[in-house]
Amino acid sequence: MYDIKKWQHVFKLDPAKSISDEDLDRICMSDTDAIVIGGTDNVTEDNVISLMMRVRRYPLPLVLEISNLESIIPGFDFYFVPMVLNSPDVQYHNGLLLEALKDYGHMMDFDEIMFQGYIVLNPDSKVAQKTKAKTDLNEEDIEAYALMTDKVYQFPIMYIEYSGTFGNMDLVRTAKQNTEQAHVFYGGGIQSLSDAKAAAQEADTIVVGNLVYTDIKQALKTVKIKELS
Ligand code: 1GP
């Protein structure tokens, strides 16, 4: 089984966006550690299956980050379940989860399911708007969320999500310093190798998303953080 603790770099592909076979090949043949399929809007069973089948041809760990109940399909190595801890809407903590457990609980393989203490920090992102996340957090808040993730819920992952903008690395450092067992992912606004390096200094794993669609060459360069560590 794959060990997420060894992952330094992952690409997150949005099933609602199109990517050519050539670009997908370059992404999957890069030295990235895994591919995560996930998005906020227009994620459907059809577009998840279609992207999953295209990525499955490559010998890479493949993760579905669950956005809604309709698009949960079998065949992934892992399922990441975001628990948006800084959303006041309980739907994004255990509401969707309750429905998922009612529908699929009896057939879930809990070794493949990883809950994420997910902290959404870019107020302009779709995910912040959808979850109504309280994004104006300081270091004290992040420290408390890190303890909540790591010690209270004992989730294996803490995800600092700045989707669309490069975030405050001091907060990522605070997350890392206050987690013992939880693995810290950082995602948001990585546009270059130098952003990737800055994020990789603080987080265990960095996530490169939109850059795949806007500047594939720069996206591929971010994988070089692995050579530098
Ligand atoms: C989004 O954290 C990821 O969920 C990556 O963010 O698309 O801004 O790279 P970007």
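Is it the case that the stretch 159-173 has a residue that's surrounded by 21 or more Cβ atoms within 10 Å (Cβ to Cβ), polar (S, T, N, Q), under 16 Å from K12 (Cβ atoms) and within 9 Å of the ligand (Cβ to nearest atom)? Checked the stretch 159-173: at least one residue is surrounded by 21 or more Cβ atoms within 10 Å (Cβ to Cβ), polar (S, T, N, Q), under 16 Å from K12 (Cβ atoms) and within 9 Å of the ligand (Cβ to nearest atom). A single member of K224, K134 is modelled with pLDDT of 95 or more, away from the ligand (no atom under 16 Å from the Cβ) and under 27 Å from K17 (Cα atoms), and it is K224.
Regarding the stretch 161-169, can at least one residue be identified that is within 21 Å of Q91 (Cα to Cα) and among the acidic types (D, E)? Yes, the stretch 161-169 has at least one match.
If you go through the stretch 122-156 and keep only what is surrounded by fewer than 21 Cβ atoms within 10 Å (Cβ to Cβ), in a loop (DSSP other than H, G, I, E, B) and of a type outside the set (K, R), you end up with N122, P123, D124, T135, D136, L137, N138, Y153, Q154, P156. Just give me the residues in the stretch 56-72 being modelled with pLDDT under 95 and open to solvent by less than 10 Å² (accessible area, probe 1.4 Å), in sequence order. Selection gives S71 alone. Taking residues in the stretch 75-101 that are open to solvent by 20 Å² or more (accessible area, probe 1.4 Å), and partners anywhere that are among the acidic types (D, E) and outside any helix (DSSP H, G or I), the pairs with Cβ atoms closer than 6 Å and at least 6 places apart or on different chains are Y79/E112.
Any residue at all in the stretch 167-189 that's in contact with a Pro (Cβ under 8 Å, 6 or more places away or on another chain) and either charged (D, E, K, R) or closer than 24 Å to Y213 by Cβ (or both)? Checked against the condition, which is being in contact with a Pro (Cβ under 8 Å, 6 or more places away or on another chain) and either charged (D, E, K, R) or closer than 24 Å to Y213 by Cβ (or both), the stretch 167-189 yields no hits at all. If the condition is being of a type outside the set (V, I, T), within 14 Å of the ligand (Cβ to nearest atom) and either buried (at least 21 other Cβ atoms within 10 Å of the Cβ) or under 17 Å from N138 (Cα atoms) (or both), then the stretch 176-194 contributes F185, Y186, G187, G188. In the stretch 18-55, the residue that is nearest to the chain's Cα centre (by Cα) out of those that are touching a residue at least 40 places away in the same chain (Cβ under 8 Å) and open to solvent by 80 Å² or more (accessible area, probe 1.4 Å) is D31. Filtered by the rule that a residue be under 17 Å from E65 (Cα atoms), among the β-branched types (V, I, T) and out of contact with any Ser or Thr (no Cβ under 6 Å at 6 or more places or on another chain), the stretch 82-119 gives I113, I119.
Is it the case, given these coordinates, that A196 is in contact (Cβ under 8 Å) with a residue 60 or more places away in the chain and farther than 29 Å from S18 by Cβ? So A196 fails the test.
The values are calculated or read from the model by the stated rules, or taken from the named source; none is laboratory data. Worth saying up front: this structure is predicted, and the values here are computed from it rather than measured. When we count neighbours, we look across all protein chains shown, and the Cβ atoms used for this are built from the backbone with ideal geometry, even at glycine. These area figures cover heavy atoms from the full protein model, side chains too; ligands, DNA and RNA do not enter into them. Shrake-Rupley method; radii C 1.70, N 1.55, O 1.52, S 1.80 Å.
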